[in-house]
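Peer 1: Take this structure first; my questions come after.
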Amino acid sequence: LARRAEPCKARVSGGHLRRSRDAGAPDASAMASPATPATTSWTAQATVTASLTAFLYEGFTYNAVFLGRILPGLGKEDQVTPLLVVFNAIWGLALWSYLRVSWADPGAVPEEWHEFVRRVGVALPIAPGMKEWQPGKATMCRHCTRARPERAHHCALCGVCILRLDHHCPWINNCVGFCNHKYFLLTCFYALLACVVAFVTAVPELVIVTQRLRSAVHGSLYDSELEPSDEIAFVVFGALAVFISMFLTPLLYFQLKLAVNNRTTIEDNYNNMTNPFDKGTSFSNLEQIFGKFGPDWLLPIKSWRPLLDGISFPSSAERLGFDERPLTAANGALSEQEDLRQNGFAGARSNNWARAYGDGYPKLTGEALWRAHYHIIEPVYNPAEIRKPSTIDYMLGCMQIDCEGNQRAVPV
């Protein structure tokens, strides 16, 4: 039918969000201001540098100082191997997730959507962007002056509209949107877990080293195989682990609370209606971010079985049968009159949603799904309603003449 949507085709180069030129999309920097804050601000580069430095310092100090010198120096060589495996597995996943969320496209509105908007024209209802829930409505971005899908918002720092935008994070110098929200949650989780594991496993040694340093400050001498620089680096490591944990704990709690309720940071301020995108259970809401449950939930990779394309999101009104607007014949759906005769008014509305999202019907994808979800109703002329032009039509200039001089039928 139509090409399947690929909302995650954009790429980030040096912190600058750019759409793929292979898709024929314009460079996003052309739509942004000449000096994009996300790429030129020294504060953004400083926060990213600080984040990476913290990751690398924690990993190096735990392996080289704690496992390589402190534990052997205290006669605990048997603990080195298991702690090495456990910590580095978690720390590696945290670093991997951080790099993915930093460099992945957050979900710039794809060119396929803009082609779809141009193709359907006025058949697509477009509403002005409001700070409220607008389920099933394409909205107009006042910055890009282009129509965008529901739940998409404009990022002033990146200069483009992002699908299901959550927020722009300075610590990764990137937006958190539909395509990298999973990576962001995994980064927070694994980074917090790595700090907790590192601190808990090193607490006894931190106490010993701290006491030695206090004694050295007060002039007491003690025999130790450790260099003072190693001990100081180890104490800084423990303090940094505690600080990062205190920072990540409320952040992860807040983000998970939003995720299990199918909200974003922006949408958390909406109160014009109950959340129309809430699937009813925390697990179902998480599936819209992580895809169908599987081992890929634990890895910062694209979902093996994604449920959504970022362009359309099933709302509670559609699931409960509150949307009476039918699909079009182009989507293989029954007409409104046929569906009403066969299923009744409520049945017609419920079946329209089922056809769109695959409940007992072949699941629609790509443009067919967009036409169903955004209620594209194109005019269809009935041949029985076509009449010959009258004298009045001729006098008013409404009569159409073909190339051979014959009159054409004019639809009413």
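Peer 1: So His154 passes all but one of these: (1) within 19 Å of Thr264 (Cβ to Cβ); (2) part of a loop (DSSP other than H, G, I, E, B). Which condition number does it fail?
Peer 2: Only one criterion in (1) within 19 Å of Thr264 (Cβ to Cβ); (2) part of a loop (DSSP other than H, G, I, E, B) is unmet by His154, namely (2).
Peer 1: Return the residues of region 144-175 that are more than 25 Å from Leu95 (Cβ to Cβ) and open to solvent by 40 Å² or more (accessible area, probe 1.4 Å); say none if nothing qualifies.
Peer 2: Thr145, Arg146, His154, Ala156
Peer 1: In addition: In the set Val160, Val176, which member is farther than 25 Å from Met273 by Cβ, of a type outside the set (Lys, Arg) and in contact (Cβ under 8 Å) with a residue 40 or more places away in the chain?
Peer 2: Matching residue, one of Val160, Val176: Val160.
Peer 1: So, one more: Do we find that Glu58 is of a type in the set (D, E, K, R) and farther than 30 Å from Leu186 by Cβ in this structure?
Peer 2: no
Peer 1: Any idea which of Leu84, Leu71, Leu99, Leu93 is open to solvent by less than 30 Å² (accessible area, probe 1.4 Å) and either assigned to a helix (DSSP H, G or I) or farther than 30 Å from Phe290 by Cα (or both)? Steps first, please.
Peer 2: On the way: Leu84 fails: open to solvent by less than 30 Å² (accessible area, probe 1.4 Å); Leu99 fails: open to solvent by less than 30 Å² (accessible area, probe 1.4 Å); Leu93 fails: open to solvent by less than 30 Å² (accessible area, probe 1.4 Å).
Testing whether each residue is open to solvent by less than 30 Å² (accessible area, probe 1.4 Å) and either assigned to a helix (DSSP H, G or I) or farther than 30 Å from Phe290 by Cα (or both) leaves just Leu71.
Peer 1: Can you tell me which of (1) within 30 Å of Val80 (Cβ to Cβ); (2) open to solvent by 10 Å² or more (accessible area, probe 1.4 Å); (3) not β-branched (Val, Ile, Thr) is the one Ala198 doesn't meet?
Peer 2: If we test Ala198 against (1) within 30 Å of Val80 (Cβ to Cβ); (2) open to solvent by 10 Å² or more (accessible area, probe 1.4 Å); (3) not β-branched (Val, Ile, Thr), just (2) comes out false.
Peer 1: State yes or no: is Pro306 assigned to a helix (DSSP H, G or I), of a type outside the set (Gly, Ala, Ser) and open to solvent by 60 Å² or more (accessible area, probe 1.4 Å)? Break it down into steps so the answer makes sense when it comes.
Peer 2: Values: assigned to a helix (DSSP H, G or I): no; of a type outside the set (Gly, Ala, Ser): yes; open to solvent by 60 Å² or more (accessible area, probe 1.4 Å): yes.
So Pro306 fails the test.
Peer 1: While we're looking at this one, here's another question. Just checking, how many residues over region 271-284 are out of contact with any Phe, Trp or Tyr (no Cβ under 8 Å at 6 or more places or on another chain) and surrounded by 12 or more Cβ atoms within 10 Å (Cβ to Cβ)? Full working, then the answer.
Peer 2: Just the residues of region 271-284 that are out of contact with any Phe, Trp or Tyr (no Cβ under 8 Å at 6 or more places or on another chain), to begin with: 271, 274, 278-282, 284.
Those left that are additionally surrounded by 12 or more Cβ atoms within 10 Å (Cβ to Cβ): 278-279, 282, 284.
Total satisfying the criteria: 4.
Peer 1: Check off (1) farther than 29 Å from Thr264 by Cβ; (2) in contact with a helix residue (DSSP H, G or I) (Cβ under 6 Å, 6 or more places away or on another chain); (3) modelled with pLDDT of 95 or more for Tyr57 and give me the number that stays unchecked.
Peer 2: Unmet condition: (2).
Peer 1: Right, something else. Can we say Val207 is at pLDDT 95 or above, surrounded by fewer than 23 Cβ atoms within 10 Å (Cβ to Cβ), among the β-branched types (Val, Ile, Thr) and closer than 24 Å to Val86 by Cβ?
Peer 2: Judged against the criteria, Val207 is not a match.
Peer 1: Which ones in region 252-262 are of a type outside the set (S, T, N, Q) and open to solvent by 50 Å² or more (accessible area, probe 1.4 Å)? Before you say what the answer is, go through the steps one by one.
Peer 2: Step one: filter region 252-262 for residues of a type outside the set (S, T, N, Q), giving 252-254, 256-260.
Scanning region 252-262 gives Tyr253, Phe254, Leu256, Lys257.
Peer 1: To continue, here is another question. Of (1) surrounded by 15 or more Cβ atoms within 10 Å (Cβ to Cβ); (2) modelled with pLDDT of 95 or more, Arg212 satisfies all except one. Which?
Peer 2: (2)
Peer 1: Restricting to region 114-159, give me the number of residues that are charged (D, E, K, R) and within 17 Å of the chain's Cα centre (by Cα).
Peer 2: Initial filter on region 114-159 (charged (D, E, K, R)): 115, 118-119, 131-132, 137, 142, 146, 148, 150-151.
So of that shortlist, the ones also within 17 Å of the chain's Cα centre (by Cα) come out as 148, 150-151.
Number of matching residues: 3.
Peer 1: Can you find a residue that is open to solvent by less than 10 Å² (accessible area, probe 1.4 Å), touching a residue at least 60 places away in the same chain (Cβ under 8 Å), under 18 Å from Leu165 (Cβ atoms) and among the hydrophobic types (A, V, I, L, M, F, W, C) anywhere in region 113-131?
Peer 2: Yes, region 113-131 has at least one match.
Peer 1: Report yes if Leu93 is at pLDDT 95 or above and more than 30 Å from His373 (Cα to Cα), otherwise no.
Peer 2: Considered against the rule, which asks whether it is at pLDDT 95 or above and more than 30 Å from His373 (Cα to Cα), Leu93 comes out as yes.
Peer 1: Would you mind finding the one in Ile208, Ile244, Ile232, Ile172 that is of a type in the set (A, V, I, L, M) and not in a helix (DSSP H, G or I)?
Peer 2: Details: Ile208 fails: not in a helix (DSSP H, G or I); Ile244 fails: not in a helix (DSSP H, G or I); Ile232 fails: not in a helix (DSSP H, G or I).
One residue alone meets the criteria, Ile172.
The values are calculated or read from the model by the stated rules, or taken from the named source; none is laboratory data. Small disclaimer: the values here were computed from a predicted structure and weren't measured. All Cβ positions, glycine included, derive from the backbone under ideal geometry; neighbour counts span all protein chains shown. For the accessible areas, the whole protein counts, side chains as well, though only heavy atoms, and no ligand, DNA or RNA atoms are used. Shrake-Rupley method; radii C 1.70, N 1.55, O 1.52, S 1.80 Å.
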